[in-house]
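For reference, the structure is listed below as structure tokens.
The values are calculated or read from the model by the stated rules, or taken from the named source; none is laboratory data. Just so it is clear, the model here is predicted, and its values are computed rather than measured. We place every Cβ from the backbone using ideal geometry, glycine too, and count neighbours over all the protein chains shown.
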2 protein chains.
Amino acid sequence: MTKKRVVIVGGVAGGATCAARLRRLDEGAEIVVIDRGLYVSFANCGLPYYVGNVIQEEAKLLLATPELFRERFNIEVRTRNEVTAIDRQACDVLVRDLEAGRDYRERYDALVLSPGAAPIRPPLPGIDHPGIFTLRTVPDSRVIREWIESRNPHRAVVVGGGFIGLEMAENLVHRGLDVTIVEMADQLMPPLDPEMADFVRRRVATHTDHLQLGDGVAGFERAGDGSLIVRTGRGGSFGADLVVLAIGVRPESKLAREAGLEIGERGGIRVDPQMRTSDPRIWAVGDAVEVKNNVIGQWELIPLAGPANRQGRVAAEAICGRDSRFKGVHATAVCGFFGLTVALTGATERTLRRAGIGDFESIYLHPGHHAGYYPGAKPVHLKLVFRRSDGLVLGAQAVGEEGVERRIDVISTAIQMGATVFDLEEAELCYAPQYGAAKDPVNLAGMIAANVVRGDVDLAPWSELHTAEAFILDVREPAEFHAGCLDGAVNIPLGQLRDRMDELPRDRGIWVYCRVGQRAYYACRLLRQHGFRVRNLSGGYHTYRAWYPEDRVHHGTT
Amino acid sequence: MTKKRVVIVGGVAGGATCAARLRRLDEGAEIVVIDRGLYVSFANCGLPYYVGNVIQEEAKLLLATPELFRERFNIEVRTRNEVTAIDRQACDVLVRDLEAGRDYRERYDALVLSPGAAPIRPPLPGIDHPGIFTLRTVPDSRVIREWIESRNPHRAVVVGGGFIGLEMAENLVHRGLDVTIVEMADQLMPPLDPEMADFVRRRVATHTDHLQLGDGVAGFERAGDGSLIVRTGRGGSFGADLVVLAIGVRPESKLAREAGLEIGERGGIRVDPQMRTSDPRIWAVGDAVEVKNNVIGQWELIPLAGPANRQGRVAAEAICGRDSRFKGVHATAVCGFFGLTVALTGATERTLRRAGIGDFESIYLHPGHHAGYYPGAKPVHLKLVFRRSDGLVLGAQAVGEEGVERRIDVISTAIQMGATVFDLEEAELCYAPQYGAAKDPVNLAGMIAANVVRGDVDLAPWSELHTAEAFILDVREPAEFHAGCLDGAVNIPLGQLRDRMDELPRDRGIWVYCRVGQRAYYACRLLRQHGFRVRNLSGGYHTYRAWYPEDRVHHGTT
């Protein structure tokens, strides 16, 4: 029996994992990893923190060296070698040795493509001026570090307000720069629903110089002093000593495309559940492939390390004849900046609408990350999206200072296992005063949603607040009402409601709110049993401020 | 239609939740809560922290007052009233007004018992000396605070090294006292398996004066200066200015027992899934009832706030004619002290063995709570217990400084949903450098366990380390080996293993270990494919030190 020869193109995340897993399964295989970069198996997710000098040593980013691959796994790693073509008939790849400048061929029995995704660098006027950076590799981050350390820049413009953009903003602020963020969407963190992104905007605004939302970069110019001027489509102009482009990535599917492999509609390599491409001897993994989103049932590009690693394992197992399958994703992600954590899992309202799915409902809550009676509780702003008809959990978004990733991890696990909001109600989660609450935020989210699915309470749509004909009832205490309320709201504190029901209309819908939604829910149950047509404005005044940040604050008078 | 009259005995946790839920479901019901204490709806879990002055205001502990119940929920709360008997024929209870000293009867259509559990106070010699406390109520904690503040004690003995005992020890140390812990079991935190408890012991030992394990209190004496002497069964004697008894709680089932309601074998009130006792008009919830542990299939006493609250809701819903069910527990719990977090969910090896269940396996791992390349990663010591035959997740225990409760919450959710270790492998969890890793500790636990279930690696039993005939192979680097190794181990670093296989026996089992288990796993895969009979010592040297803390450290020589 001749030895199986596996060639892996790209040695980061998915490719590196695939190689190591292959060795564990097949001590006899010949495994060659070919990467055009200087390094394999480096920590891409750490690069912004290396720029920010939070991670101080470059060596920390190198998770495994070619030497380690050789010694530990008997795997040959060739860096600075680029695969430029695949000959599917001959089962070989054309490789360019970038150092020696020569081409050679490499035979494979199985080929794994793990080329990753490249930062988008649009062909804007002036894009090639010095000082305009993208971030993908260790050398990329080293160049930005050197720029900062040698030129002592004061002003940075970060183009893109998503995950990488905000991490870069955080790290540049950490380095002492004044940062402006330019984002094409009307919100930061475009994967979030807009009202949840408003919690992000508020925090980022207090740590940056300027946020330019709903505007794109039109071009770059050199100022007289050698610095840059960033011009936007809406006529904005921002001086910068340093620009970072973080407007997304594009799958590196050129090699696969030129080899005639099937490419999906989002531009990624199309694979089956065993990560096999349209050629049965070629597999593909990582940021270059399209994956099936299990919640909305559509193909997506999900450039995340976790799925890439799992895909690498699946490909290795498939190559070794095992029946492993990649089951798709529901896209759990987290990002931290300026003391805030933002995390999400599954579908948002936006992704559901885009996918044409209408059977869903959303609730909001703003509980403390642990029991309020123990000092130091921080609010977790949480939105849960679930199927209206049966309560299946579809997604969640959370923003806060503490405990955010924990709740999203629990809900992600619930989504993975097909849980409903009734399961979230009953989740048994860690509770001691400094860790949670007898009713954890996840339990509360489940209870609030379950009340909706069971029909115990109806939700008022926040989106229709300013057009609805409803009677707006504020059941908070007068001091809260006077400090800020919804326009036109009438204040009857919950404790007085049973005695003052004659002040409420019976011929009109009543929309109730309080601070975070709990008292309003009590009021809804009360009023409904007395025959009123009543709905809850989920999450109360906290949610209102996120939905309508531009509204002036109304000070209620009674 | 006459109004339904519901009497609830006990207004903390389950009782309070039941009352509030009843009101939301039935605006017309008459709801009376009767509690012999001064307060209802207080935060029992916060009491140790009130003693420790971490929670400084007593008012913080009072989550809801009788006035709030009346105003907000139209619920009548009678504190300092004690239900002393139930007349099931007449459907009324005998109540003693403890202030007025008179008895009266109260009719019910539905009766809910939520009497809780009382701290055990064994009839030891000298148990009634002043300065020996238990902790259940707000006044209990106030008395200990006053003792500390008026007498300025220096030495405390905490009897019991479980959850409450360790929280009390932490809070007394926080108050500046020297603390001795006396625990009957051979380990702290008896719900943990002993080797996992060793991580706790090490931490607690550095913050306390003395740990007396495997020994019980025999009695208390007064010293000449008025302080206490705690005598133990093994002849120990510890001076104390303050003693806290935290040796467990006993369900308050006397009232139910005297009324002829069915009592379980653990001494708790027996209920059906609707929390109904053997009398169809009487429900029971909270620490006084036995609940079904879903993992081991047995009745247990689980004095936790989360289940109590859920039970209160279920009882309320059942009383209102809804078909809600309490689905049992798998007992998730967390405790924090001296900078350490300990959490567990589901079954331990001990509970499985006690239940006569043998189809299980355990693995250990010690990963960082976030990516190692980002500064500040702290180890999470994690043990996962799963069904050997199919990989069903049965339980987990974790100890560490950061991220412990998060992993246990995820695994708890997995257990709730019937997940297997294969599901844990694929869990999509939050990853950014400061939050986790591309392979989260939960994923790693799933992978390690899945390797066992799939038969890719066999585990060596730590319990047989000192009696086995195996060849012990250490695949760490020489410097690690020399710093401390297993007795008799032979060192061949992983990177040299392929070239030095002729040094290994083919006629004997080989047990492999490294620092935490990863390199040993690689070695197992390698050696197995070369025909060796090889097993992994799960979790490596870290696990060894927990299993055999008394072993002197062997310094390997090569």
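Would the range B:30-52 turn up any residue that is out of contact with any strand residue (DSSP E or B) (no Cβ under 6 Å at 6 or more places or on another chain), surrounded by fewer than 24 Cβ atoms within 10 Å (Cβ to Cβ), without any contact (Cβ under 8 Å) to a residue 24 or more places away in the chain and not small (G, A, S)? No, the range B:30-52 has no match at all. Just one residue in the set A:G436, A:G455 is surrounded by fewer than 16 Cβ atoms within 10 Å (Cβ to Cβ) and within 14 Å of chain B (Cβ to nearest Cβ); that residue is A:G455.
So for the range B:446-466 (the condition being farther than 28 Å from B:R387 by Cα and touching a Gly at 6+ places or on another chain (Cβ under 9 Å)), does at least one residue qualify? So that I can check it myself, show each step before the final result.
So the first thing to find is which residues in the range B:446-466 are farther than 28 Å from B:R387 by Cα, and the list is none.
Checked against the condition, which is being farther than 28 Å from B:R387 by Cα and touching a Gly at 6+ places or on another chain (Cβ under 9 Å), the range B:446-466 yields no hits at all.
Residue under question is B:E58, and the condition is that it be among the acidic types (D, E) and within 14 Å of chain A (Cβ to nearest Cβ); does it hold? Yes: the conditions hold for B:E58. Scanning the range A:97-120 for residues that are acidic (D, E) and either surrounded by 14 or more Cβ atoms within 10 Å (Cβ to Cβ) or assigned to a strand (DSSP E or B) (or both) yields A:D97, A:D103, A:E106, A:D109.
Given the residues A:V475, A:V399, A:V442, which is the only one that is at pLDDT 95 or above, in the same structural domain as A:R519 (by TED's automatic domain parsing) and surrounded by 24 or more Cβ atoms within 10 Å (Cβ to Cβ)? When all the criteria are applied, what remains is A:V475. Working carefully through the options A:E71, A:E67, A:E58, A:E76, find the one that is of a type in the set (D, E, K, R), out of contact with any strand residue (DSSP E or B) (no Cβ under 8 Å at 6 or more places or on another chain), in contact (Cβ under 8 Å) with a residue 40 or more places away in the chain and surrounded by fewer than 20 Cβ atoms within 10 Å (Cβ to Cβ). Matching residue, one of A:E71, A:E67, A:E58, A:E76: A:E58.
So in the range B:345-364, with the set limited to residues that are of a type in the set (S, T, N, Q) and touching a helix residue (DSSP H, G or I) at 6+ places or on another chain (Cβ under 7 Å), which one is nearest to B:V329 (Cα to Cα)?
Taking the range B:345-364 and keeping what is of a type in the set (S, T, N, Q), we get B:345, B:348, B:351, B:362.
Checking the rest, the ones that are also touching a helix residue (DSSP H, G or I) at 6+ places or on another chain (Cβ under 7 Å) come to B:345, B:362.
Details: B:T345: 10, B:S362: 21 Å.
Selected residue: B:T345.
Criterion first (over 27 Å from A:A20 (Cα atoms) and of a type in the set (A, V, I, L, M)) does B:A470 satisfy it? Against the criterion (over 27 Å from A:A20 (Cα atoms) and of a type in the set (A, V, I, L, M)), B:A470 qualifies.
Of all residues in the range B:386-409 being aliphatic (A, V, I, L, M) and over 16 Å from the mean Cα position of the chain (by Cα), which is nearest to the other protein chains (Cβ to nearest Cβ)? Give the steps one after another, and end with the answer.
Within the range B:386-409, the subset aliphatic (A, V, I, L, M) is B:392-394, B:396, B:398-399, B:404, B:408.
If we keep only those that are over 16 Å from the mean Cα position of the chain (by Cα) too, we end up with B:392-393.
Details: B:L392: 13, B:V393: 11 Å.
This residue is B:V393.
Checking each residue in the range A:470-510 for being within 17 Å of A:R525 (Cα to Cα) and out of contact with any strand residue (DSSP E or B) (no Cβ under 8 Å at 6 or more places or on another chain) picks out A:P493, A:L494, A:G495, A:Q496, A:L497, A:R498, A:D499, A:R500, A:M501, A:D502, A:R506.
Looking at the range A:305-319, which of its residues are at the interface with chain B (Cβ under 8 Å from one of its Cβ atoms) and either among the polar types (S, T, N, Q) or over 19 Å from B:M447 (Cα atoms) (or both)?
Of all residues in the range A:305-319, those at the interface with chain B (Cβ under 8 Å from one of its Cβ atoms) come to A:305-310.
Answer for the range A:305-319, where residues must be at the interface with chain B (Cβ under 8 Å from one of its Cβ atoms) and either among the polar types (S, T, N, Q) or over 19 Å from B:M447 (Cα atoms) (or both): just A:N309.
Listed residues B:G346, B:G328; which is touching a strand residue (DSSP E or B) at 6+ places or on another chain (Cβ under 7 Å), in contact (Cβ under 8 Å) with a residue 12 or more places away in the chain, surrounded by fewer than 21 Cβ atoms within 10 Å (Cβ to Cβ) and within 11 Å of another protein chain (Cβ to nearest Cβ)? Show your work before the answer.
Details: B:G346 fails: surrounded by fewer than 21 Cβ atoms within 10 Å (Cβ to Cβ).
From the options B:G346, B:G328, the qualifying one is B:G328.
Based on this model, can you work out whether B:E361 counts as in contact with a Gly (Cβ under 8 Å, 6 or more places away or on another chain) and acidic (D, E)?
Against the criterion (in contact with a Gly (Cβ under 8 Å, 6 or more places away or on another chain) and acidic (D, E)), B:E361 does not qualify.
Among the residues of the range B:256-291, those identified as surrounded by 18 or more Cβ atoms within 10 Å (Cβ to Cβ), outside any loop (DSSP other than H, G, I, E, B) and in contact with a strand residue (DSSP E or B) (Cβ under 7 Å, 6 or more places away or on another chain) are B:A256, B:I263, B:I269, B:R276, B:I282, B:W283, B:A284, B:D287, B:A288, B:V289, B:V291. Scanning the range B:1-45 for residues that are assigned to a loop (DSSP other than H, G, I, E, B) and hydroxyl-bearing (S, T, Y) turns up B:T2, B:Y39, B:S41. One residue alone among A:D272, A:D279 is among the acidic types (D, E), touching a residue at least 24 places away in the same chain (Cβ under 8 Å) and either away from chain B (no Cβ under 13 Å) or out of contact with any Ser or Thr (no Cβ under 6 Å at 6 or more places or on another chain) (or both), and that residue is A:D279.
Okay, residues lined up against (1) assigned by TED's automatic domain parsing to the domain that holds A:A223; (2) buried (at least 24 other Cβ atoms within 10 Å of the Cβ); (3) in a helix (DSSP H, G or I); (4) without any contact (Cβ under 8 Å) to a residue 24 or more places away in the chain:
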{"position": "A:V158", "(1), (2), (3), (4)": "yes, yes, no, no"}
{"position": "A:L166", "(1), (2), (3), (4)": "yes, yes, yes, no"}
{"position": "A:A169", "(1), (2), (3), (4)": "yes, yes, yes, no"}
{"position": "A:V173", "(1), (2), (3), (4)": "yes, no, yes, no"}
{"position": "A:V179", "(1), (2), (3), (4)": "yes, yes, no, no"}
{"position": "A:V182", "(1), (2), (3), (4)": "yes, yes, no, no"}
{"position": "A:A185", "(1), (2), (3), (4)": "yes, no, no, no"}
{"position": "A:L188", "(1), (2), (3), (4)": "yes, yes, no, no"}
{"position": "A:R203", "(1), (2), (3), (4)": "yes, no, yes, no"}
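Residue pairs whose Cβ atoms lie under 6 Å apart, sitting 6 or more positions apart in sequence or on different chains, and linking a residue in the range B:505-517 that is assigned by TED's automatic domain parsing to the domain that holds B:D474 to a partner that is polar (S, T, N, Q) and part of a strand (DSSP E or B), are B:V512/B:N536. Exactly one residue out of A:V285, A:V291, A:V295 is in contact with a His (Cβ under 8 Å, 6 or more places away or on another chain), within 14 Å of chain B (Cβ to nearest Cβ) and at pLDDT 95 or above: that is A:V295. Restricting B:L68, B:L25, B:L113 to residues that are hydrophobic (A, V, I, L, M, F, W, C) and touching a Phe, Trp or Tyr at 6+ places or on another chain (Cβ under 9 Å) narrows the list to B:L113.
Taken over the range A:331-357, the criterion of being touching a Ser or Thr at 6+ places or on another chain (Cβ under 8 Å), modelled with pLDDT of 95 or more and part of a loop (DSSP other than H, G, I, E, B) is satisfied by A:T332, A:F338. Of the residues in the range A:462-470, not one is buried (at least 19 other Cβ atoms within 10 Å of the Cβ) and closer than 13 Å to A:G556 by Cβ.
Within the range A:245-255, the set of residues being assigned to a loop (DSSP other than H, G, I, E, B) and β-branched (V, I, T) comprises just one member, A:I247.
The set of residues in the range A:208-227 being surrounded by 15 or more Cβ atoms within 10 Å (Cβ to Cβ) and either hydroxyl-bearing (S, T, Y) or in a loop (DSSP other than H, G, I, E, B) (or both) consists of A:T208, A:D209, A:D215, A:G216, A:S227.
Taken over the range A:137-156, the criterion of being crowded, with 17+ Cβ neighbours inside 10 Å and in a loop (DSSP other than H, G, I, E, B) is satisfied by A:T137, A:P153.
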